[in-house]
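Undergrad: Input: one structure, supplied below.
Taken together, the values in this text are just the output of simple stated rules run on the coordinates, not laboratory data. All of these numbers come straight from a predicted model, not from anything done at the bench. Cβ: placed from backbone, ideal geometry, glycine included. Neighbour counts: every protein chain shown.
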Amino acid sequence: MFSQATFYRSLIAHACIEPARQRLLLEHPVNLGDWDAIVVDNPFIPPGRELTFAKGLQAGLIGDFLVAAHLLIPQFENSFRVILASHFIVTSKLDDDGIQREMYFAGTPASRGVQKNFGENLTFDLQGLLTGERAQILDTVSRIRC
């Protein structure tokens, strides 16, 4: 199912999103500061992370998908953890050495919290995007040259 979802996301990206991105770039010059309306006072974006989100979104808009993925994926993970923590869902645990580590979403109490708060479909996508397929995503993103 994850493989099919990856194929579907790629199809949508190339058939729908990429033409829209190209058209937007042709018709509107977008600067880093233009993202403020989206990232500032956004409940999904924790305070202090607005600039990183803006840089990631800008990189994606101009076609630098490798930079966009490297900036945005950790920010998305953090945002979901902040939201889960606000619902009193534990997103970290102590390892065998007593070091506190953030848990990945797949197969953890955090994934149950994501499903309860964000729904089954988003949870499925997050498990595919933020856990086992991360290396595959970054490899795919680095090869996209539309």
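Undergrad: Per-residue HN-Hα couplings for region 40-53, Karplus 6.51 cos²θ - 1.76 cosθ + 1.60 at θ = phi - 60°, whole Hz, x for Gly and Pro?
TA: 3J(HN,Hα) across region 40-53, in whole Hz: 7, 6, 9, x, 7, 9, x, x, x, 10, 4, 5, 5, 4.
Undergrad: Would you compute the Debye intensity of region 9-121 from its alpha-carbon atoms alone, equal scatterers and no solvent, and pass along log10 I(q)/I(0) at q = 0.21 Å⁻¹ to two decimals?
TA: The Cα Debye sum returns log10 ratios of -1.19.
Undergrad: Given R₀ = 35 Å, FRET efficiency for HIS87-SER3 by Cβ-Cβ distance, to 0.05?
TA: 0.65
Undergrad: For a quick check: sort HIS28, HIS14 by the number of other beta carbons within 10 angstrom, fewest at the front. Intermediate results must be reported in sequence, preceding the final value.
TA: Numbers: HIS28 9, HIS14 12.
If I rank by nearby Cβ atoms, fewest first, I get HIS28, HIS14.
Undergrad: Which of LEU26, ASN42, LEU66 sits closest to the plus end of the dipole of region 1-95, meaning its Cα is farthest towards the positive end, when Lys and Arg get +1 and Asp and Glu get -1 on the C-beta?
TA: The residue sitting farthest along the positive end of the dipole is LEU66.
Undergrad: Then there's this: Computed over the Cα atoms of region 41-91, what is the convex hull's projected area averaged over all directions, in nm²? Display every interim value, and only then the final one.
TA: Values: hull surface 14.2 nm².
For region 41-91, the mean projected area of the Cα convex hull comes to 3.5 nm².
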